[in-house]
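Reading through the structure tokens given below for one structure.
The values are calculated or read from the model by the stated rules, or taken from the named source; none is laboratory data. Computed from a predicted structure; not experimentally measured. Cβ sites come from the backbone with ideal geometry, for glycine too, and all protein chains shown count toward neighbours.
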Amino acid sequence: MLSLHGQQLPVRTLERSLSEGRLHHAYLFIGPAHLGKTTLAVQFAQALNCDADAPPCGACSGCTRIAEGNHADVRLISLGEEAGSIGIGAVREIINSAHLRPYEGRTRVFIIAEADLLTRDAANALLKVLEEPPDDVVLILVGNSLDNLLPTVRSRCQTLHFHPLSVSEVAHILQEERGVSPQHAEVLARLSRGCIGWALAATGDDTMYASVHQRIEQIVDAIDGGLEERFAYAGELARRLDRDRGAGREELLLWLRWLRDIMLVQQGNAAGITNLSWREVLEGQAAALQPADVVRWTHNVNRTIEALERNANVRLALDVFMLEAPLLKAGA
Amino acid sequence: MQLHCLQENLSQGLSIVQPAVATRTTLPITQHVLLSTDEGRLKLSATNLEVAISTWIGADIQEEGAVTIPARLLTDFVNSLERQTIRVQTASQGGGISVEGDRTKANINGTAAEEFPPIPAIDQGVSTKMSGRALRDAIHQVVLAAAVEDSRPVLTGVNIELDGTNVTFAAADGFRLAVRKAQLLEPASERVSVIVPARTLSDIERLLDSDDPVDIVVTTQRSQVLFRFKNVEVVSQLIQGTFPNYAQLIPQEHGTRAIIGLSELQRATRTAAIFAKDGSGIIRLQMSAEGEGTGALTISSRAEEVGDNTGNLEADVEGAEGKIAFSSRYLSDVLSVIGKDKVALEMTTSSSPGVIRPVDDGGEYVHVVMPMFVQW
């Protein structure tokens, strides 16, 4: 049996094609990160190669080795160590091995974990297999959005959409399956924004929550502080982003969520906030800021994200971001 | 696992499975060799998921077991040892082994045998036997015509058709086609046509060193083929797809036919290739029944900036005068595998395929080469 929290539709679709034996040669799993798209792709690969009555059994030698990435017929293609894209070389390897009959199982499965990152050439080369798929081959392309995929690739795959779960569903799962206390489950569920994978990982790894907590603490201090504290924060963040530019987007998304919470509190909808454990701080800051300033501030965050993606100087972009931010009203 | 074996046996065994050890790989464990005890012998296996090779060597086994070890490391170490009896033992903890000679001892880390991709075991299917020499010759003559890397994967393989006691090997890369017929020692139980990766067959050609019969088994699902000889088993995945219908590509008649001594033609081709190298590799052949004796073949090549060269060979020419140009590489490739003293070159026009075949081999081997278009 395939199983994935909160994704009934894709699971049912795949189950049906398994039971009816009507397989598509290529699937496209689309949705935000941490929803279990790759997990389901691996399960599907197991099911296609497992002989149990309700595949996958998850226990036979084939299933185990597929899960460990040691199966000869199931290949997970993801980003290389340093490359920022999946190149034509990887696709050529797929094409070559796709034309060999399965080695030990029934079906060769290729899972491209970051299909958004296929280069144009790679995607075009992949069309060859998508157009004339050999027998016994299933391709699963996993990606965050359809926008970055060539229309020619999209049109040759069956697309399955994955949607974030509701906060209450995530909290329920955390309580039921991981025995997390209701309060903490609620906190994690809101932080996860419906991405169950993140929430489950965070229950197993306390440092994930601690790291978010620490970063929010810094954001709070920067907002509370004057220009000096804010520039110090910008300087520290810039040093961190120099090493890992991708983290900038994540960090600024935390800002966006924080500002959204402030707006919610200002509009009297404190029940919907994401950062549940910071409610009192949020209320204080909400009182000290004009709603119009907060709105402008969120626009600034978006502009900064865009600037960073366009390879702006990190330190400068963050300094400008801080300079344009409104200061809190004194005495609040 | 604990056993004693001879260094030279282990070294030889490792060199047999070496071609199947993966080089660039997505599955690191395929760079390992699987050592396992098997009915009083030590079995060595390697697979790169396209081809799997197993071989058995004599060993004095004290304790059964199995383990996988990085192939490169083990081979390098064993080859560095002198001829002697060596002791192989799995480490008491972890997945490694210790290999011990008279004066040296090495501990090599490995992984559990369960993680190794299963080596396919094949007993059922269409089976037959072929003499080792016949198989080696057939592979040798066709494998060069297979495409190395092609967008059409079927062309990177050799089509093998078993029909009664007849077997036909064929390979083509879009510019040339090699077809070789041979006899089987036992009739195949069923008529079957499969495409075997050319690389696998090159490996087998290297490993075959005797006339002993080779067992060939094609699985019932037509997914794998097994070659078994002496102490070696090679299992290869088959390539999916339909091989081009090559019979219609072989010209059935010819306007000109020249019979030339192989060694003279080879030498003249080599000479012409020197100039052809700078002239797009074009070698021009002109056949004429006139001239002294029974006819002549002129081989020429030229490179604009460099110079030119003309060679005249005695030939036995029938039919009209003929002109055709070939790539020097394709011509020298086929001459190097033809294996008879006399070779026949057949053609109709300078824009239709030329046929090269050995004389007096009963029509077993045919090689078709597409001509190059040149201004005469």
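Matching residues to (1) of a type outside the set (A, V, I, L, M); (2) touching a Pro at 6+ places or on another chain (Cβ under 7 Å); (3) surrounded by fewer than 15 Cβ atoms within 10 Å (Cβ to Cβ):
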site	(1), (2), (3)
B:83	yes, no, yes
B:93	yes, no, yes
B:97	no, no, no
B:121	no, no, yes
B:125	yes, no, no
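Restricted to the range B:153-205, and to residues that are within 23 Å of residue A:129 (Cβ to Cβ) and of a type in the set (Ser, Thr, Tyr), which residue is surrounded by the most Cβ atoms within 10 Å (Cβ to Cβ)? Per the criteria, the residue is B:200.
Can we say residue B:154 is touching a strand residue (DSSP E or B) at 6+ places or on another chain (Cβ under 6 Å), within 30 Å of residue A:125 (Cα to Cα) and not in a strand (DSSP E or B)? Spelling it out, residue B:154 is indeed touching a strand residue (DSSP E or B) at 6+ places or on another chain (Cβ under 6 Å), within 30 Å of residue A:125 (Cα to Cα) and not in a strand (DSSP E or B). Beta carbons closer than 7 Å, at least 6 apart along the sequence or on distinct chains, pair a first residue in the range B:140-153 that is within 11 Å of chain A (Cβ to nearest Cβ) and touching a residue at least 60 places away in the same chain (Cβ under 8 Å) with a second that is surrounded by fewer than 18 Cβ atoms within 10 Å (Cβ to Cβ) and not hydrophobic (A, V, I, L, M, F, W, C) for B:153/A:96; B:153/B:241. Residues of the range B:330-364 being of a type in the set (S, T, N, Q) and touching a residue at least 40 places away in the same chain (Cβ under 8 Å), which ones? Result: B:332, B:336, B:348, B:349, B:352. Of the residues making up the range B:289-321, those that are out of contact with any helix residue (DSSP H, G or I) (no Cβ under 7 Å at 6 or more places or on another chain), under 16 Å from residue B:262 (Cα atoms) and assigned to a strand (DSSP E or B) number 7. Considering only residues in the range B:111-139 that are among the hydrophobic types (A, V, I, L, M, F, W, C) and touching a helix residue (DSSP H, G or I) at 6+ places or on another chain (Cβ under 7 Å), the one that is nearest to the other protein chains (Cβ to nearest Cβ) turns out to be B:116. No other residue among A:61, A:85, A:3, A:19 is among the polar types (S, T, N, Q) and either on the phi > 0 side of the Ramachandran plot or not assigned by TED's automatic domain parsing to the domain that holds residue A:103 (or both) apart from A:3. Of everything in the range A:78-136 that is polar (S, T, N, Q) and not in a loop (DSSP other than H, G, I, E, B), the residue that is farthest from the other protein chains (Cβ to nearest Cβ) is A:124. Take residue B:304 and decide whether it is surrounded by fewer than 17 Cβ atoms within 10 Å (Cβ to Cβ) and on the phi < 0 side of the Ramachandran plot. Yes; evaluated as a whole, the condition is true for this residue.
To keep it simple, each residue is scored yes or no on (1) of a type outside the set (A, V, I, L, M, F, W, C); (2) touching a Lys or Arg at 6+ places or on another chain (Cβ under 7 Å); (3) at pLDDT below 85.
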site	(1), (2), (3)
A:78	yes, no, yes
A:82	yes, no, yes
A:102	yes, yes, no
A:106	yes, no, no
A:110	no, yes, no
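Scanning the range B:86-96 for any residue that is touching a residue at least 12 places away in the same chain (Cβ under 8 Å), more than 29 Å from the chain's Cα centre (by Cα), under 17 Å from residue A:70 (Cα atoms) and in a loop (DSSP other than H, G, I, E, B) turns up at least one such residue. In the range A:297-325, the residue that is modelled with the lowest pLDDT out of those that are loosely packed, with under 14 Cβ neighbours inside 10 Å and assigned to a helix (DSSP H, G or I) is A:309.
Identify the residue in the range B:289-301 that is of a type in the set (A, V, I, L, M, F, W, C) and within 17 Å of residue B:331 (Cα to Cα) and, among all such residues, is surrounded by the most Cβ atoms within 10 Å (Cβ to Cβ). That would be B:299. Residues that are more than 8 Å from every other protein chain (Cβ to nearest Cβ) and over 23 Å from the mean Cα position of the chain (by Cα) within the range A:56-72 comprise A:56, A:57, A:58, A:59, A:60, A:62, A:63, A:64, listed in sequence order.
Quick check on residue B:72: is it under 23 Å from residue B:28 (Cα atoms), more than 14 Å from chain A (Cβ to nearest Cβ), modelled with pLDDT of 90 or more and surrounded by fewer than 16 Cβ atoms within 10 Å (Cβ to Cβ)? Criteria met by residue B:72. Among the criteria (1) out of contact with any Leu (no Cβ under 8 Å at 6 or more places or on another chain); (2) over 26 Å from residue A:208 (Cβ atoms); (3) in a loop (DSSP other than H, G, I, E, B), the one residue A:16 does not fulfil is (3). Screening the candidates B:160, B:108, B:97 for the property of being more than 21 Å from residue B:332 (Cα to Cα), more than 14 Å from chain A (Cβ to nearest Cβ) and in contact with a helix residue (DSSP H, G or I) (Cβ under 7 Å, 6 or more places away or on another chain) yields one hit, B:108. When the range B:190-245 is filtered for residues that are basic (Lys, Arg) and either away from every other protein chain (no Cβ under 13 Å) or in contact (Cβ under 8 Å) with a residue 40 or more places away in the chain (or both), the ones remaining, listed by number, are B:191, B:199, B:206, B:228, B:230.
Let's see how each residue does on (1) assigned to a helix (DSSP H, G or I); (2) within 14 Å of residue A:190 (Cβ to Cβ); (3) within 19 Å of the chain's Cα centre (by Cα):
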| position | (1), (2), (3) |
| --- | --- |
| A:240 | yes, no, no |
| A:251 | yes, no, yes |
| A:271 | yes, yes, no |
| A:279 | yes, yes, no |
| A:282 | yes, yes, no |
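Does any residue of the range A:294-302 turn out to be touching an Asp or Glu at 6+ places or on another chain (Cβ under 7 Å) and without any contact (Cβ under 8 Å) to a residue 40 or more places away in the chain? Yes, the range A:294-302 contains a residue that is touching an Asp or Glu at 6+ places or on another chain (Cβ under 7 Å) and without any contact (Cβ under 8 Å) to a residue 40 or more places away in the chain.
Of these, A:111, A:95, which one is closer than 24 Å to residue B:23 by Cβ and surrounded by fewer than 21 Cβ atoms within 10 Å (Cβ to Cβ)? The match here is A:95. Selection over the range B:1-40 of residues that are closer than 24 Å to residue B:227 by Cα and among the basic types (Lys, Arg) gives a count of 0.
Here residue B:87 passes the criteria (1) more than 14 Å from chain A (Cβ to nearest Cβ); (2) under 30 Å from residue B:200 (Cβ atoms) except the one numbered (2). Per the conditions (1) modelled with pLDDT of 85 or more; (2) over 25 Å from residue B:111 (Cα atoms), the sole criterion not satisfied by residue A:54 is (1). Within the range A:24-55, track down each residue that is of a type in the set (Gly, Ala, Ser) and over 19 Å from the mean Cα position of the chain (by Cα). Correct list: A:26, A:45, A:47, A:52, A:54.
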